[in-house]
Amino acid sequence: MDMSGTRQEHWEEVFTTKADEAVSWFQATPETSLRLIRACHLPKGAVILDVGAGASRLPDALLHEGYSNIVVLDISAAALERTRARLGDKGHSVRFIVADVAAWRPDFTVDLWHDRALLHFLTEPQDRTVYADALRRAVQPGGFVLISGFAPSGPERCSGLPVVRSGPDAIAALLGPGFDLLDAFEEDHQTPSGGRQRFVFTRFHRRQIQGQ
């Protein structure tokens, strides 16, 4: 069953009816993601892809730090338009892609794949397989992968949808051979309403020679 249309309708409604601060995943500054990106020691011209970006403040922060080749992808056109409007003239150097990552075939390569709280919404095995295929197609050898989502002790649902809670081993298994786990830890995210959600954060490095 193709769920992409249903997913798109859901997220378009979210980003056309709720303010940024009204959604549980909102972060004024994505400090943990930034710390993990800095740990990769990428040149400022590296291609950084934020999948499932929504209206995240990550591109703002990356631009502030001097990165100049940023791509943001989301299933919701409304979410990306919100980011485009917020960035104003600064956003001219950001590439915006409206796509469902569970049905996307990238036609370019990236130095870093960043996913905060997208993968855990893909509950169907075939969608997760397509996600992993897209990731392997996009991330070049020597590149990095940052994936975070609800930890095994985290919430079972988010934004009215079921999620798949995963530990580092499950994420590593999805990526397959050729990716070395560099960092893995859990951290609580405090929601705007004051609640806490347990997240797992992972950072992988793709080996220079694929398949080893």
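The values are calculated or read from the model by the stated rules, or taken from the named source; none is laboratory data. As the structure is a prediction and not an experimental result, all values here were calculated from the model. Ideal geometry is used to build each Cβ from the backbone, glycine not excepted, and the neighbour counts take in all protein chains shown.
Listed values, structure above:
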item	result
Test: residue in region 106-114 that is touching a strand residue (DSSP E or B) at 6+ places or on another chain (Cβ under 6 Å) and not in a strand (DSSP E or B)	yes
Meets criteria (assigned to a loop (DSSP other than H, G, I, E, B), of a type in the set (Gly, Ala, Ser), closer than 23 Å to ALA79 by Cβ and over 16 Å from the mean Cα position of the chain (by Cα)) for GLY154	yes
Boolean, ARG95 is touching a residue at least 24 places away in the same chain (Cβ under 8 Å), basic (Lys, Arg) and out of contact with any strand residue (DSSP E or B) (no Cβ under 6 Å at 6 or more places or on another chain)	no
Within region 37-95, tally of residues that are of a type in the set (Ser, Thr, Tyr) and assigned to a helix (DSSP H, G or I)	2
Residue within region 47-70 that is modelled with pLDDT of 95 or more and of a type in the set (Phe, Trp, Tyr) present	yes
Residues that are in contact with a helix residue (DSSP H, G or I) (Cβ under 8 Å, 6 or more places away or on another chain) and either of a type in the set (A, V, I, L, M) or assigned to a helix (DSSP H, G or I) (or both), drawn from region 26-36	SER33, LEU34
Subset of region 160-177 that is in contact (Cβ under 8 Å) with a residue 40 or more places away in the chain and surrounded by 15 or more Cβ atoms within 10 Å (Cβ to Cβ) - its residue that is nearest to ARG7 (Cα to Cα)	VAL163
From ALA102, ALA132, residue being part of a helix (DSSP H, G or I), in contact (Cβ under 8 Å) with a residue 24 or more places away in the chain, crowded, with 19+ Cβ neighbours inside 10 Å and among the small types (Gly, Ala, Ser)	ALA102
Output for region 77-136, where each listed residue is of a type in the set (Val, Ile, Thr) and within 27 Å of PRO162 (Cα to Cα)	THR83, ILE97, VAL98, VAL101, THR123, THR129, VAL130
